[in-house]
Structure formats: C-alpha cells, structure tokens
1. Per-residue counts of other Cβ atoms within 10 Å, averaged by peptide: what ranking do you get for 609-620, 457-468, highest first?
2. Suppose the chain between ASN47 and ALA143 were pulled fully straight at 0.36 nm per residue; how much longer would it get relative to their current alpha carbon spacing?
3. Which value in nm describes the separation of the simple spin-label points at LYS667 and ASN473, placed 7 Å from the Cα toward the beta carbon?
4. Below 8 Å between Cα atoms, with a sequence gap of 6+, how large is the relative contact order for the chain in percent?
5. Can you spot the aspartates and glutamates whose alpha carbon is less than 20 Å from LYS230's alpha carbon? Ignore those fewer than 8 places along the same chain.
6. Go ahead and estimate [θ] at 222 nm for the chain from helices alone: -39,500 (n - 2.57) per DSSP H run with n ≥ 4, summed, over the residue count, rounded to 500.
7. Can you tell me how the range 618-683 classifies by the Cα gyration tensor, rounded, prolate or oblate, using a/c under 1.5 as the rounded cut?
8. Percent of alpha carbon pairs in the range 169-236 separated by more than 16 Å?
Amino acid sequence: MAVLSKIRQRSFFLIIIIALALFSFVLADVIQSGTFSAGADNVGTVNGTDIESQQFMQSVANIEKQGQGTSSTQAMNSAWEQEVRRIILTEEFEKLGLKIGNEQLINVIKQNPSLSQNPQFLNAAGQFDENKFKESLKGIKNAPDQTQWLQWKEFEKNIEIYAVEQMYNTMIKSGVYTTKAEGKFQYKLENDKVDFDFVTVGFSTINDDQVKVSDAEIIDFMKKSPKKYKSDNTTNVDFVLVENKPSKEDEQAMLTSIGDVKVKFDSVANVGEFVNANSDIKFDSTYVAKKDLPIEHQEALFNLPVGAVYGPYVANGSQCISRMIARKGNSSAKASHILLAYKGAPQSAATRTKEEAQALANSLLAQAKANPGNFAMLAMTNSDDPGSKNNGGVYDNITPGQMVPKFNDFVFNNTVGTMGVVETDYGFHVIQVLDKYEAVLMGTVVQKIQPSEATIDAIYTKVSKLEADANENSDFAALAKKAGLEVIPATNLKGFDEYIQGVGSQREIVRWSFNKDTEIGDVRRFEVPQGFVIAKLKDKNTSGLLPIDVAKQTVEPILKNQKRAEIIKKKMSGASLEAVAQKSGATVQPAIGVSMKSPVLPNIGNEPKVVGKAFGLAAGKTSEIIEGNSGMFMVRAKAVTKAPEVPSYATYITQDRTQNQSYATSKAYTALKDKAEIKDNRANF
C-alpha cells in the first residue's frame, strides 16, 4: 500500500517520464526512417535544385492517368526524366537569356491545331483571329471560377517551355556546320583506295584457358575509364517463391463440391441464372468458336449434344462443368484473297488503272480456278494487301461484319470452295472461301480451386521456418533445396526498378534491397500475390562502376584479347610477311581496293586500324605487328589510288552536316546531363 501511495504521489512525474520515453521511441524511428534526415522530402536534386516529393508525386499521378496500363514505377521514372531534363535545360536557357515574348507565344499557339482551328477563334474568312482569342482569354481570367484560368496558365507555361526549347535546339543546329575541307575529307574517305598484302593470326586461335581474367583485373580496367563504365548503384537478390497452391486434398474436396452442383445442372430450366448463382465467373451469352474452348477439352466440349453436361474438368486452376445450350452455323469463316489496288484507291500506292486492276483480277481468277492449289502463291506474288500476302492471302476466323460489306457478303453467302471477284473501295479482290465454322453457346460453372485454411497454415509454417533457418544459416541454396524450392536470382536491380522476374511488380523488395539498414546476407519475407517470397540480399554495388557480372560481358573479352595479343606476338616473328606466315602457320592474303569509309578485309571483317596503317605506308614497306579487332596483323603496302579532284563537294558537305545536325541536340543534352550533379533518391520511394 505504501508503494501504491508513493506512485500516486508521483503520478505527474511518471506521466512525463512515460511521455518522454514514447517521444524518444518515435523520434528514434523517425530518424532511422530518414523523415528528419537531409533531403527526406526530396526525390532528388539536380545541380542543387531539389525535386520536391509532393509536387513530383502529383506529376507521377498525372502520368499514370494519361497512360493506361502505366505502373506507378514506370510513371515515376518518366516523371524523373522529365524533371531532370526541365531543370538542366532551364539552367541553360537562363544562362543564355532565352525567353519568348507575347508575339512569339501567339505564333506558337497558331501552330497548335486545337487552338488555331477552333471555330471560336476564327474570323469570317476562316483565319485565326488574335483579337477573338485574346478576348476569350480575358473572359476566362475575369470569371468568378478561376479553374479554367489556372489550367490555361499551366498550358501556357508548357507552351513557353516548348517554344524556348525549340529555339535552343535551332541555335544548336545552326552552330553545326561542315566546311569544304571536311566535305573533301569525307569524299576521300570513301573514294581513296589502298591495295596491300597481309598476314593475320586470329584471337580465336588461343583457347580461353590460356588467358584467364580475374575480377580484380576487370575492376582495374574499368577504373581507368570510369565514365565509359559508369553505372547506377545496383543490388543482387536471391529469393525463393513459396506459392499458395491448393493441396491434392483441396482439389478432391472441390471436386466433391462441384459434383453436387453437376447433379442439379442437368435439369435446370434457366442456365444463365444457375451459372450466376453457382459460378465465380458470370454467365456469358456469346457464341464461341471451337478454338476458344479449353484446348485439352475442345473436342469433348464442342461435340456435346444440346442440353448435355460435361465435367467436372480442370481449366486455368478451376473446377468446371459445362452445359451445351445451342450451336450456330456459319458463325465465322476462313478465306483467302488477292487484292488488286489501283491508282487513286484508299491507301493505295499502285500505278495501274482501275481497268487494268479489274483485268488482272479476272486473269488471276481464271488461273486459280484452273489450279486451286496455286492460290497461295498467286496471292504472295500479286496481292497488294500487306496484311495477308505473306501468308498466302489467308484471313482466318472472319466474323460477320468484320470485312467491308461486299467482301463479307461473298464469304458468308457462298459455300466452301467458291471463288470469285468482288469490287470494294480498296480495289478488286479475288476471293476463295476456304472454310466455315460453327460456334457454340455454353453455360459453364467455374469454381476456383482455393487452398484450405489447413493448407494455408501449413504453407505459412513452412515459410516461417525457412525464413528463420535462412537467418541462421548462410547456405541459402541448400536450405531451399531441402525444402524442395528453387533459388531464383534477381540481378542488377536498380533503385528505380519495379519488376522482378518470376514475381512481377515488387517495388517493396527493390526498396528493401537498397535500404541503408539492409546488409548483405540479410533475409526477409514478403507477401506477394502468388504466395510468399523469402529474399536474401546477395550483393550491393555502390562503386559507381558496372557490376562484375555485367562488366564481364564487355570487359572480359577485351582483356582476354589483350593477353592473346601478347601470346600471338611471340609467334609472329620475322621481318617479312612470308617469314611471319611460315613461323605462325598463317598465309599471305591480298586486300584490293579497300577504303577507310568501309575498312573491311575479305573473310575477316571490319579492321579500321589495319587499313589505316596500310594507307600510311609507302609502297613495298612492311608494318610492325598491329593489334586489330579480330587478331594480330602485319601488312605490306602495295599502292594507294587517290580519288580524282571534283569541282564540288556539296553532296558530301550536305550529308555530313545533316547527319551531325540530326543528333546534335540529343548529344548536347547528354553532355549537360553527364556534367550535372544529380542525386537520385528514387530508391526510397
């Protein structure tokens, strides 16, 4: 009692202490989660400009709305690229003082068909009237409801950004030019020719086991060219998928349950009502072709007599019973045709006249009737329909109304085997009716086979045990094998990735792998639509360079060839081509009329370094050993034939300038982006 009395006397202090303890607990969690950390409210920064999360996520939501089927992560990545581009280019525009005035804005608006062709803004002559447009804007601006005005200001802002960017791109393109000397150089690259002899020993002559490359060598090689082998931070995760699958006992229980439904299905008067009352999928009154029925049960289902019931059978993880309601003939058809278009017909590039097209159609019809088996070849060689000519003119499963009326009528009003010519807006068609299909109307009770509570409990127990064991045992593969599961690797995940092969969209797993508190070897369980994933973080790559397994694909062959080159050099000893050939077991080969524009050696491939060396040698001179793309070379020059001077190099100047201008703007932006200081926090979202 004395203790209780003392507690009551100090209750106020206890409340304060408990409150402080709770606050400390929450504060620790907040700090740990990063809410109060620097940049917590930012998706990232570009050259010191923050990309604020609330506004950014609004952009993400807008992109999701605009693009059907766009996932949140895809929308996020799209919004990120837009924001990075906007910030980088806006900085450049401000440095250059690029802006547009009201007159330029109106000119851009005039180019927008939705505004320039809007009847509301046209004068009596059908031309865009600036005064009408400005009056309309004034009305929107002064309206009590400012929604439209705010929408217009946002639209105007986007127009300004677009117009300034177009101005910027024009300036860049205008700064790209090709001089006469450069045009002449391009001409000579293409038309100067060299003849020479060469000896080569290919890299392929040295086996892989003679040129081992270590991971350390690959890393050292990348460090010498960090920009070339730059990479985002990545993670590697190993995981197992434990699916929530029904057991054999569950399937048997479902079979018994749906068997009771079958007894009633035989005698019901209203099939649709019965299906809707007993099925997971509602009754569909559509007639279907044989090909649309479950493939393993197609024959049995399609050949059911009207009123008969088939099943139970398993399809797509469900127990099913089906009842034949009705069947309908001439429901769809298969036909082959040859289209002979003529000049002036819609979507036609033909030059023949209408009369010529009709005459050719009649001629082909006569040939087809004389030899029906040749119809496909006639279609492939004569038809103007790109959608069917390559498969012999065939269209399968044509439904009534799918084709233009005259085509449709011929196919559905004639018997199988009939051939004829019909005219449509597209030209003349030589048509052969190949087949007619029946369709059936079925009522199907579908009941998804679900795991029972006992099965779910057993799966959960299995998953929990595996997770606990994996946290204590480093051999994840052995544990998975013991549990009858397969370890699936998810490699080179980036912080803004969403999909993981085998389990689909799993942003939570990606975020976990990038969390600063997740260490290599950590294991965590995730609930996914298919069941459960137990993931183990295998590796984190924060070096800024390509992950080793990716780098091996490009860097390892380079390093191996460097080592092969040293081995081959020792074989290729000698002062002349003949001596080197004899020593290395190679042969002396000729190369005739090779240019630097196309430095291809016969039976070898592209070898610009070798050809360039040949151009630089005096006639009769022999080179040192050259490391090429495919092996080691030695060349002996014979003759260089200089291209004759021409009065003008305008063609080459234009080609070179057009090519350079075509990618100048994208290259300029890429250079600015590479130079920018970008901090990407998308992995946290």
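Just so you know, all these numbers are worked out from the coordinates, no wet-lab data involved. This structure is a prediction, so every number in the text was calculated from the model and none was measured. Positions of Cβ are generated from backbone atoms using ideal geometry, with glycine treated the same way; all protein chains shown enter the neighbour counts.
1. Working: 609-620: 16.7, 457-468: 15.0.
Those peptides, ordered most packed to least, come out 609-620, 457-468.
2. Values: separation 96, 0.36 × 96 = 34.56 nm, distance 4.00 nm.
My answer for the length gained is 30.6 nm.
3. 5.8 nm
4. Numbers: 962 pairs, mean separation 156.1, N = 685.
Over the chain, the number comes to 23 percent.
5. Reachable aspartates and glutamates: GLU81, ASP215, GLU217, ASP220, ASP497, ASP539, ASP549, GLU556, ASP674, GLU677, ASP680.
6. Working: 23 runs with 313 residues, N = 685.
About -14500 deg cm²/dmol.
7. Working: a/c = 5.17, a/b = 1.54, b/c = 3.36.
Because a/c hits 1.5 or more and a/b fails to exceed b/c, the range 618-683 counts as oblate.
8. Details: 1790 of 2278 pairs.
So the pairs more than 16 Å apart make up 79 percent of the total in the range 169-236.
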